[in-house]
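> One structure, pasted below without further comment.
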Ligand SMILES: C[S@@+](CC[C@H](N)C(=O)[O-])C[C@H]1O[C@@H](n2cnc3c(N)ncnc32)[C@H](O)[C@@H]1O
Ligand code: SF4
């Protein structure tokens, strides 16, 4: 059987499994866990352990048809300014709850489009956060940047506030693909943005690309990849297009007939990955590439790669505090998500309470499986010896899952004593293999395809 047929027979094209940016995944969260548990967990944080902070800006001037992010369109700044006011109120609530002396080890602004903020609002937000959570000396600050929605004044404001990494959205440079996903973005505009970021001293650049988009062909994607390599980013995220029109209604504007078939889509991912490898970028996890000296590549080599809601990170902070509508916090006892719709989030904060609306408190089995799934997603291996050291004898419950996985995936997965490893030929199946360790697999949630 050809390799591609083999992968197909093991579910590559049919399985609908999570991307495991958390375990359990967000569809498992329940409304019984909310602001009360959020406040208690935040108050109990150890002030000596710096935290990561994620701030969600749910606004875009344009709404790209392919996009599955939690965002809303606006043509004026009024709702954006009002939202920054709500974030300031949320920070004031946090100030009264958090232990004194707690510092921020990482900050990430995502969206939506954080660069919709004009310089004055960038400064207001950054200063409000730092007043409550002073940055640790080695704090890193990253921001998602839409190259068509940024200028030198915004970049200067972000740089002045300490931005150390910029993540620019590219997706694809081909005009026909861009037209089909409702996102115009000329190469020269992107190039100018990259030049401005470098001139402002931003040391690290990430580029987001997507394969599996409408009208994408090998030749078109190869051209995009060459252009991206010309921009010389330090990191690249190569996401498979998640076509989930039942969740993201605007994706209905994308015609199924224009999407590449399963095998073509797989070939597109392989083509881009091969070009990145040839250009000297190291593959990281299932969908990232990084230059050898980059922190992500170093973390992957030293076994410190981690996975959270932002994807692969080299972040060592155990706690992530999410601010803004729909943000998810990872606190010592569990996950808590703020109210997803902006009006519901605003209403809660204005009533003087935290905005946690649903979540999941982590039991002992959750913690164990969360780490096992993270190891599979980050390292393509699961080491029961390392699990025993961290979690004790209860780790043995994973052995049966490891044995079943090795049997099911044959020579694509090697099980040698305590160590299960996904071999390079089987790595396209990583999400499916990770799901074998997921005790909530039957929630009925509909995820994107595994390849
Ligand atoms: C918040 S958006 C990007 C930031 C900024 N608004 C921009 O457009 O440049 C984050 C990233 O999620 C990825 N993304 C969004 N929708 C996706 C989908 N349906 N499938 C795969 N990746 C997607 C894109 O690569 C996108 O750059
Ligand atoms: S890709 Fe970026 S600009 Fe486009 S809708 Fe999504 S978040 Fe907004």
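> Residues of region 254-265 being in contact with a helix residue (DSSP H, G or I) (Cβ under 9 Å, 6 or more places away or on another chain) and either at pLDDT below 95 or surrounded by fewer than 18 Cβ atoms within 10 Å (Cβ to Cβ) (or both), which ones?
Of all residues in region 254-265, those in contact with a helix residue (DSSP H, G or I) (Cβ under 9 Å, 6 or more places away or on another chain) come to 254-255, 258-260, 262-264.
Across region 254-265, the qualifying residues are 255, 258, 262, 263, 264.
> Return the residue satisfying two criteria in turn: it lies in region 181-198 and is farther than 21 Å from residue 141 by Cβ and within 14 Å of ligand 2 (Cβ to nearest atom), and of such residues it is surrounded by the most Cβ atoms within 10 Å (Cβ to Cβ).
Going residue by residue through region 181-198, those that are farther than 21 Å from residue 141 by Cβ are 181-192.
Next, only the ones that are within 14 Å of ligand 2 (Cβ to nearest atom) stay: 181-185, 189-190.
Details: 181: 24, 182: 16, 183: 21, 184: 12, 185: 21, 189: 13, 190: 21.
Once the filter is applied, the top-ranked residue is 181.
> Still on this structure, please answer the following. Looking at region 56-74, I want the residues that are in contact (Cβ under 8 Å) with a residue 40 or more places away in the chain and farther than 14 Å from residue 251 by Cα and have a partner that is near ligand 2 (Cβ under 8 Å from one of its atoms) and part of a loop (DSSP other than H, G, I, E, B) with Cβ atoms under 6 Å, at least 6 apart or on another chain. Which pairs are those?
57/112; 58/71; 58/112; 59/112; 60/71; 60/112; 60/113
> Restricting to region 1-31, and then to whatever is outside any helix (DSSP H, G or I) and free of Cβ contacts under 8 Å to residues at least 60 places away in the same chain, can you tell me which residue is farthest from residue 312 (Cα to Cα)? Even if it seems obvious, please write down each step before you answer.
Going through region 1-31, the residues outside any helix (DSSP H, G or I) turn out to be 1-2, 10-25, 29-31.
Among the residues that remain, those that are also free of Cβ contacts under 8 Å to residues at least 60 places away in the same chain are: 1-2.
On the way: 1: 33, 2: 31 Å.
Restricting to residues being outside any helix (DSSP H, G or I) and free of Cβ contacts under 8 Å to residues at least 60 places away in the same chain, the top hit is 1.
> Answer yes or no as to whether residue 334 is at pLDDT below 95, over 19 Å from residue 57 (Cβ atoms) and in contact with a helix residue (DSSP H, G or I) (Cβ under 9 Å, 6 or more places away or on another chain).
When the stated conditions are applied, residue 334 does not pass them.
> Here's a follow-up. Residues that are over 14 Å from residue 321 (Cβ atoms) and more than 16 Å from ligand 1 (Cβ to nearest atom): find the strands (runs of 3 or more DSSP E) completely inside region 97-174 holding 3 or more of those.
By residue number, 135-145.
> Sticking with this one: Which condition number does residue 242 fail, the rest of (1) part of a loop (DSSP other than H, G, I, E, B); (2) within 30 Å of residue 298 (Cβ to Cβ); (3) in contact with a strand residue (DSSP E or B) (Cβ under 7 Å, 6 or more places away or on another chain) being met?
Going through the list (1) part of a loop (DSSP other than H, G, I, E, B); (2) within 30 Å of residue 298 (Cβ to Cβ); (3) in contact with a strand residue (DSSP E or B) (Cβ under 7 Å, 6 or more places away or on another chain), residue 242 breaks only (3).
> Go through region 32-43 residue by residue and tally those that are loosely packed, with under 13 Cβ neighbours inside 10 Å and assigned to a loop (DSSP other than H, G, I, E, B).
Total meeting the criteria: 1.
> Now, a different point. Can you find a residue that is in contact with a strand residue (DSSP E or B) (Cβ under 9 Å, 6 or more places away or on another chain), within 18 Å of residue 159 (Cα to Cα) and crowded, with 23+ Cβ neighbours inside 10 Å anywhere in region 96-106?
Filtering region 96-106 for residues in contact with a strand residue (DSSP E or B) (Cβ under 9 Å, 6 or more places away or on another chain) gives 98, 102-106.
If we keep only those that are within 18 Å of residue 159 (Cα to Cα) as well, we get 104-106.
Next, only the ones that are crowded, with 23+ Cβ neighbours inside 10 Å stay: 106.
Yes, the conditions are met somewhere in region 96-106.
> Residues in region 44-73 that are more than 13 Å from ligand 1 (Cβ to nearest atom) and outside any strand (DSSP E or B): how many? Step through it out loud before you land on a result.
Of region 44-73, the ones more than 13 Å from ligand 1 (Cβ to nearest atom) are 44-53.
Now narrow it down to the ones that are outside any strand (DSSP E or B): 44-50.
Number satisfying all stated conditions: 7.
> What is the number of the single condition among (1) under 22 Å from residue 19 (Cβ atoms); (2) in a helix (DSSP H, G or I) that residue 393 does not meet?
Result: residue 393 fails condition (1) only.
> Any residue in region 110-128 that is over 24 Å from residue 312 (Cα atoms), crowded, with 16+ Cβ neighbours inside 10 Å and touching a residue at least 60 places away in the same chain (Cβ under 8 Å)?
Yes: one or more hits.
The values are calculated or read from the model by the stated rules, or taken from the named source; none is laboratory data. Note that the coordinates shown come from a computational prediction; the quantities given were computed from them, not determined experimentally. Heads up, the Cβs are rebuilt from the backbone with ideal geometry, glycines too, and the neighbour counts pull from every protein chain shown.
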